[in-house]
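Worksheet: the structure to be examined is printed underneath.
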Amino acid sequence: MMLRNRRKETLFALALVAPFVAIYGLVFIYPTIKLFMISFTDAPLIGDGAYVGLENYARLPSDRRFGTAVWNTAYFVLITVIPGTLVAFAIALGVNRLAGRLQAAILALFFLPYILPVSVVYLLWDWTLNFQFGIAMYVFDLLGIPRIPVFKSTAWFMPAVGVITIWWTAGFSILLFLAGLRAIPAEIYEAAALDNAGLWSTFRRITWPLMWPITALVLTIQLISQLKIFDQVYLFSTGGRPNDNVVLVYYVFQRSFQSDQGKGGRSRGGAVRPRDRRFGAEFPIDAPVGRAGSMNVTTARRINLIGLIITLLTVFCAVIWAFPMYWGVVSSLKPEDEVVRPYIELWPETFTVSHYWFALTQTEIGRWYVNSIVTAAAVTVLTVSSSLFCGYAISQLKFPFRNLLWWLILVSFMVPMQTLIINHFELVADLGLINTWAGIVLPQLIHPVIIIVYKQFFDGVPKEFREAAVMDNASEWRILTRVYIPMNWGVTTALSIVCFIWSWNSFLWPFLAVTKTDMMTITVGITQVNDAFGVYYARQLTAAVLAGLPVALAYLVFQRRVTEAITLSAGIKG
């Protein structure tokens, strides 16, 4: 009987992991092996080639563009990782002092840029820094600073994109820091207050040491993210000097999809990103022992005054942070002649929705919406369901090669999927899925972090629940569907929302997998507005607003769930 039950458990486990293993083998294992093998050939983008050994690798040092890509990537990492982490930490400290609806509103202002598609970020900032009509240039005029064509200047391009990237991505880090700050026991601060510790002393001796594990985690995540930068550089290089601004992933893209110089460029695609560690929330500290009595009145007033200044500064910074989004929306509601006036108008003199009507009726934006909704929904359903089953099987069931599968998932978490785009393109082309919904969906079905979150959750469920169900002779399927899935419904909802946003905002793969305008997703389609609208800036911004509106509304409605999913995915609980 025991042997029969063990056999049933094994078969059930294999059935649960089969969908993920099939997708994983097709989208990750096969492309990874093929990428490695092809890097030793002279094959073109499509087709076979002769074996050339290490020639591709030996040729890299003499390639000027490769050297430029390495330098630009390193420079970009330098100006974004540490500065972005410090900015996010400072903002989190300020937001953490707030409470209630004010805190939720201010946090939303800081976080909203993070959930915007990169093409929306591009259109907002391309308009804000426009050499002729950008509001930043009018500020330059007021300050007596000469106007600069930022995105056409080699010297200014990377710093500008770096600042924009910090603005765009800081929301994620802010949430992680907030979760870490909320995890610090209040008793420690109370003891410090009884010891008459000032704000700076409290920060230096308590907050900073306790927050160092979270800071290290944020630094690691930022390093991984910025090493694989592509989207921003590609979009903002339009009209500039892309060869001077090239970064590593862009270099691979140029070599493979633009220059068509063969898969010699693939030898760059095999880099493995740094090992991602998990940092606990606990950190040893010698907490001060509180003395009898109360804080000095003068000290308390000084701390309250400093706290008020920090609060006002946080609110002011949130308003400035959200201004590019406000400016884009306001500009889309102005007639075109108001948009290009040679002075600043923070509020429309004449409101109009004609640009929205034009975009909805005269372009294919409706079709782009449908493509994005269908593909994002398919990615979400398939990814979350296969990850749930796989995470449950690895956590609760015994089956052959369970540990090997778990380690392979962890390895895939450390490898950026951008390195596999060439082989993904070949795979989708071989399957005849270019310009199809299935072609857009397939390479996006691997999100190892979702399996990791599910396994962590199932690991934390008390064993007594499963034992009680087994004692009642419940089948494995009944145990899963009646015991475990209802318990993690909140986690599934949160992960589904975030997965949908990730897929909706995806740019690089849909950009490569689609060549027909009517099959583009919204994030790719709105980058074509220059061809469709010429120099009608208000119409371009209208397209940006329409592309960003669904995810912005989703975040505002499900703010708590999104926050929960992000902190869970990083292994932090606030």
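Just a few scattered comments:
- Residue within the stretch 52-63 that is open to solvent by less than 20 Å² (accessible area, probe 1.4 Å), under 28 Å from Leu223 (Cβ atoms), out of contact with any Cys (no Cβ under 7 Å at 6 or more places or on another chain) and of a type in the set (Gly, Ala, Ser) present: no
- Of the residues making up the stretch 304-336, just one is modelled with pLDDT of 85 or more, more than 33 Å from the chain's Cα centre (by Cα) and either of a type in the set (S, T, N, Q) or in a helix (DSSP H, G or I) (or both), namely Glu336.
- Taking the stretch 5-22 as the range and being open to solvent by 60 Å² or more (accessible area, probe 1.4 Å) and farther than 18 Å from Thr380 by Cα as the test, the residues that pass are Asn5, Arg6, Arg7, Lys8, Leu11, Leu14, Ala15.
- Residue within the stretch 142-158 that is closer than 30 Å to Thr215 by Cβ, open to solvent by less than 60 Å² (accessible area, probe 1.4 Å) and at pLDDT 85 or above present: yes
- Residue selection: Leu194 fails the criterion of being surrounded by fewer than 18 Cβ atoms within 10 Å (Cβ to Cβ), farther than 25 Å from Ala105 by Cβ and within 18 Å of the chain's Cα centre (by Cα).
- Identity of the residue in the stretch 457-501, in contact (Cβ under 8 Å) with a residue 12 or more places away in the chain, surrounded by fewer than 18 Cβ atoms within 10 Å (Cβ to Cβ) and of a type in the set (A, V, I, L, M, F, W, C), that ends up nearest to Ser385 (Cα to Cα): Ile485
- Residue selected from the stretch 312-336 under the condition in contact (Cβ under 8 Å) with a residue 40 or more places away in the chain, of a type in the set (Val, Ile, Thr) and open to solvent by 60 Å² or more (accessible area, probe 1.4 Å), by the criterion nearest to Gln540 (Cα to Cα): Val329
- Pairs are defined by a Cβ separation below 8 Å, a sequence spacing of at least 6 or placement on different chains, a first member in the stretch 89-110 that is closer than 19 Å to Thr207 by Cβ, and a second member that is basic (Lys, Arg) and open to solvent by 50 Å² or more (accessible area, probe 1.4 Å); the pairs so defined are Asn96/Arg182.
- Some residue of the stretch 503-512 being open to solvent by 30 Å² or more (accessible area, probe 1.4 Å), at pLDDT 85 or above, on the phi < 0 side of the Ramachandran plot and not β-branched (Val, Ile, Thr): yes
- Scanning the stretch 225-245 for residues that are closer than 19 Å to Asp63 by Cβ and at pLDDT 85 or above yields a total of 1.
- From the options Trp208, Trp156, residue that is among the aromatic types (Phe, Trp, Tyr) and under 18 Å from Ile310 (Cβ atoms): Trp208
- Phe111 at pLDDT 80 or above, surrounded by 15 or more Cβ atoms within 10 Å (Cβ to Cβ), under 30 Å from Thr481 (Cβ atoms) and not polar (S, T, N, Q): no
- A count restricted to the stretch 84-97 and to residues that are open to solvent by less than 50 Å² (accessible area, probe 1.4 Å) and more than 17 Å from Leu199 (Cβ to Cβ) stands at 3.
- Within the stretch 458-548, helices (runs of 4 or more DSSP H) holding 3 or more residues that are under 19 Å from the mean Cα position of the chain (by Cα): 489-505, 508-513, 522-525
The values are calculated or read from the model by the stated rules, or taken from the named source; none is laboratory data. What you see is a predicted model; the values in this text were computed from it and never measured. Don't worry about glycine lacking a Cβ; one is built from the backbone with ideal geometry, like all the others, and counts go over all protein chains shown. Side chains are part of the model used for accessible areas, which takes the heavy atoms of the whole protein and leaves out ligands, DNA and RNA. Shrake-Rupley method; radii C 1.70, N 1.55, O 1.52, S 1.80 Å.
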